[in-house]
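The values are calculated or read from the model by the stated rules, or taken from the named source; none is laboratory data. It should be emphasised that the depicted structure is a prediction, and the values quoted were computed from it without experimental measurement. All Cβ positions, even for glycine, are placed from backbone atoms using ideal geometry, and neighbour counts span all protein chains on display. Only protein heavy atoms, including side chains, enter the accessible area calculation; ligands, DNA and RNA are left aside. Shrake-Rupley method; radii C 1.70, N 1.55, O 1.52, S 1.80 Å.
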Amino acid sequence: MRQLFCTKNITIILSLALFNFVFLSAEYLFDGMMAYVTDSQGVVHAQNFILGASVIGFLGFPAFCRLCKKVDKYLVSFLCAIICAICLFFIYGHDSYGLTLTAGLICFALFGIAGSAVCFYGAQTIVNRRQTAKVIGIAYALGVFLQYLNNNLVKNQLFQTTVIMTFMAVLLILLHLMNNNYVSLQKGDYEISDSTAPQAANPKVAAVSLLLAVVFMTCIFSTLDNAVTLVHASGDFDIGQWPRLLLAVSGLVAGFLYDLKERKYMSIMMYVVTLLATICIVVIEMGGTFVSGLILFYISAGFFVVFFMTGFMDLSYQMRQARIWAGIGRATNNLCAVLTSAISVALLSSANRMAILIVALLFFAVINAALFLYYAQLHEHTGKKEQLPQDAVSPMSEEERMEAFAQAFKLTEREREVLQVLLRSEDNVQEIAEELAISRAALYRHITSLNEKTNTKSRVGIMQFYYNWKK
């Protein structure tokens with residue numbers, strides 16, 4: 001638990017939580033203001049437009065990073081914050097449909113960039129990547145809980161808008177802290193407890209299969225969401241605000257369950273959750289108890305969000321375009337929700353229960369196949385790691401392995417000593433320097449020398465190189 005709540009992880013948790021809060025609260029505010037200038041169908045269309053704009057923002061993060069290299073990043077961030085604040089006040093003012101929609105599109109495009117940045121920096125700087133799901137689960141629960149408090153305790157819409165803007169400013173500060181942590185990682189000054197984490201044997205195959213699974217999962221969950229919304233809109237059942245708390249709890253529980261045994265059972269758990277969601281659609285459409293379907297929906301939704309965020313943040317570490325892949329889960333979820341919304345509503349409104357059942361089962365079959373392929377890639381990598389000491393490496397003690405490594409790369413006695421401490425230590429660079437009784441600058445020189453001799457670029461790189469090296 002000490003590693004989970006270290007300073008860097010707390011920064012990541014707060015950043016993810018504030019992003020979830022700002023995004024969900026701004027979406028809630030936008031829908032409420034659009035209701036003053038258009039009918040219910042127009043609100044649905046406008047919501048789809050802003051979700052589409054957020055997808056553009058998620059995918060545009062690499063281009064935004066290139067812009068920041070040419071222009072002062074603090075200036076660009078400040079201008080983006082000012083633009084978001086102006087757009088939020090235009091949304092609050094809701095003077096016309098066109099102006100409110102335009103403000104929403106700009107605002108959510110910038111939110112998409114911020115979300116992609118949070119996912120990327122979080123994936124790159126997290127301390128102990130075996131705890132990624134816990135970090136995401138805690139952050140998601142906190143973000144949803146903050147939105148619940150804002151919607152229920154703050155009744156004045158102007159004050160709600162001000163709260164969103166304030167939290168957005170705090171998010172911007174945290175993003176700069178995460179960026180600084182990322183820069184420190186590149187230089188080798190990085191606190192890390194374990195550089196290993198679940199990885200895919202073929203990252204591209206794993207990414208495509210996970211992407212396919214998320215696409216069809218989104219179709220299932222979007223249809224389930226629409227089924228719940230239609231019942232609520234009909235007046236037959238008042239959902240109220242309490243399910244938001246259930247959503248927060250499910251996300252928190254999912255994070256801790258997914259991280260069991262290095263996420264060995266995450267895909268299996270998600271398979272069960274998707275099965276429950278599919279059954280839930282059938283129950284609601286067949287006239288079953290609505291409350292049970294509602295509870296299953298919110299429980300499964302929390303598990304789903306933590307699943308796709310954890311999966312893609314893990315895979316981003318192995319992908320060349322890490323800035324896109326870290327946040328691609330959220331982008332895919334938003335895009336598919338937009339594209340399938342009208343179709344699922346039409347299907348549910350048609351009352352053709354047989355068609356609904358067939359479509360749900362077909363989607364579930366595709367999800368099952370995609371999850372199996374994704375899990376197989378992770379399992380294949382794990383299997384290779386387990387067989388490595390017997391099949392690929394001759395039996396050596398740790399001392400013999402270190403001696404062979406030092407001879408192979410012509411390490412000095414001091415460099416060997418530094419490497420041994422780096423491999424076993426959970427401390428930061430300053431604490432390691434004190435343990436070795438050398439200055440921080442001297443330690444940096446030794447790490448730089450180790451990087452040059454092994455053709456690596458950071459402290460993390462030399463550690464991974466050592467563990468993967470074969471005599």
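If we scan the stretch 3-26, do we find a residue that is more than 16 Å from the chain's Cα centre (by Cα), modelled with pLDDT of 90 or more and not polar (S, T, N, Q)?
Yes, some residue in the stretch 3-26 is more than 16 Å from the chain's Cα centre (by Cα), modelled with pLDDT of 90 or more and not polar (S, T, N, Q).
Got a sec? Which of Val127, Val135, Val144, Val118 is assigned to a loop (DSSP other than H, G, I, E, B) and either β-branched (Val, Ile, Thr) or surrounded by 21 or more Cβ atoms within 10 Å (Cβ to Cβ) (or both)?
Testing whether each residue is assigned to a loop (DSSP other than H, G, I, E, B) and either β-branched (Val, Ile, Thr) or surrounded by 21 or more Cβ atoms within 10 Å (Cβ to Cβ) (or both) leaves just Val127.
Filter the stretch 1-28 for residues that are crowded, with 21+ Cβ neighbours inside 10 Å, within 18 Å of Leu101 (Cα to Cα) and not polar (S, T, N, Q) and give the result.
Val22, Phe23, Ala26
Could you say which residue among Leu75, Leu79, Leu105, Leu149 is in a helix (DSSP H, G or I) and modelled with pLDDT of 95 or more?
Leu105
Test each condition in (1) surrounded by fewer than 24 Cβ atoms within 10 Å (Cβ to Cβ); (2) at pLDDT 70 or above; (3) assigned to a helix (DSSP H, G or I) for Val306 and report the one that comes out false.
(1)
Would you check if there is a residue in the stretch 347-365 being in contact with a Phe, Trp or Tyr (Cβ under 7 Å, 6 or more places away or on another chain), at pLDDT 70 or above and within 30 Å of His45 (Cβ to Cβ)?
Yes, that holds for at least one residue.
List the pairs whose first member sits in the stretch 33-59 and is of a type in the set (D, E, K, R), whose second member is open to solvent by less than 40 Å² (accessible area, probe 1.4 Å) and part of a helix (DSSP H, G or I), and whose Cβ atoms are under 6 Å apart, counting only residues at least 6 apart or on separate chains?
none
Among the residues that make up the stretch 255-278, is at least one of them open to solvent by less than 30 Å² (accessible area, probe 1.4 Å), assigned to a loop (DSSP other than H, G, I, E, B) and under 28 Å from Tyr182 (Cα atoms)?
yes
Looking only at the stretch 57-72, decide whether some residue is under 27 Å from Ala141 (Cβ atoms), of a type outside the set (A, V, I, L, M) and surrounded by fewer than 17 Cβ atoms within 10 Å (Cβ to Cβ).
No.
Kindly evaluate Ala81 against the criterion of being more than 15 Å from the chain's Cα centre (by Cα) and either under 23 Å from Leu177 (Cβ atoms) or open to solvent by 70 Å² or more (accessible area, probe 1.4 Å) (or both).
yes
Kindly provide the set of residues from the stretch 429-461 that are closer than 25 Å to Leu4 by Cβ and crowded, with 17+ Cβ neighbours inside 10 Å, ordered by number.
Val429, Ile432, Ser458, Arg459, Val460, Gly461
So, Val338, is that one in a helix (DSSP H, G or I), within 30 Å of the chain's Cα centre (by Cα) and over 18 Å from Leu275 (Cα atoms) or not?
Yes, satisfied.
Restricting to the stretch 201-245, and then to whatever is open to solvent by 20 Å² or more (accessible area, probe 1.4 Å) and closer than 15 Å to Ile343 by Cα, can you tell me which residue is modelled with the highest pLDDT?
If we take residues in the stretch 201-245 being open to solvent by 20 Å² or more (accessible area, probe 1.4 Å) and closer than 15 Å to Ile343 by Cα, then Val215 is modelled with the highest pLDDT.
Can you tell me which residue among Phe90, Phe111 is open to solvent by less than 70 Å² (accessible area, probe 1.4 Å) and at pLDDT 90 or above?
Only one candidate passes the filter, namely Phe111.
Pick from Ala63, Ala26, Ala17: which is within 21 Å of Arg330 (Cβ to Cβ), free of Cβ contacts under 8 Å to residues at least 12 places away in the same chain and assigned to a helix (DSSP H, G or I)?
The unique qualifying residue is Ala63.
Just to be sure, is Gln390 over 24 Å from Lys204 (Cβ atoms), open to solvent by 50 Å² or more (accessible area, probe 1.4 Å), at pLDDT below 75 and not in a loop (DSSP other than H, G, I, E, B)?
Taking the combined requirement at face value, the residue satisfies it.
For Gly287, which of the numbered conditions (1) under 24 Å from the mean Cα position of the chain (by Cα); (2) at pLDDT below 80 fails to hold?
Status for Gly287: all satisfied but (1).
Hey, does the stretch 179-200 have a residue that's farther than 30 Å from Glu431 by Cβ, part of a helix (DSSP H, G or I) and either modelled with pLDDT under 80 or not β-branched (Val, Ile, Thr) (or both)?
no
Identify all residues within the stretch 29-60 that are part of a helix (DSSP H, G or I), hydrophobic (A, V, I, L, M, F, W, C), at pLDDT 85 or above and under 28 Å from Leu158 (Cβ atoms); write none if there are none.
Leu29, Phe30, Met33, Met34, Ala46, Phe49, Ile50, Leu51, Ala53
Which one of Glu380, Glu452, Glu426 is out of contact with any helix residue (DSSP H, G or I) (no Cβ under 9 Å at 6 or more places or on another chain) and modelled with pLDDT of 80 or more?
Glu452
Of all the helices (runs of 4 or more DSSP H) wholly in the stretch 414-471, which have at least 2 residues that are over 32 Å from the mean Cα position of the chain (by Cα)?
429-436, 440-454
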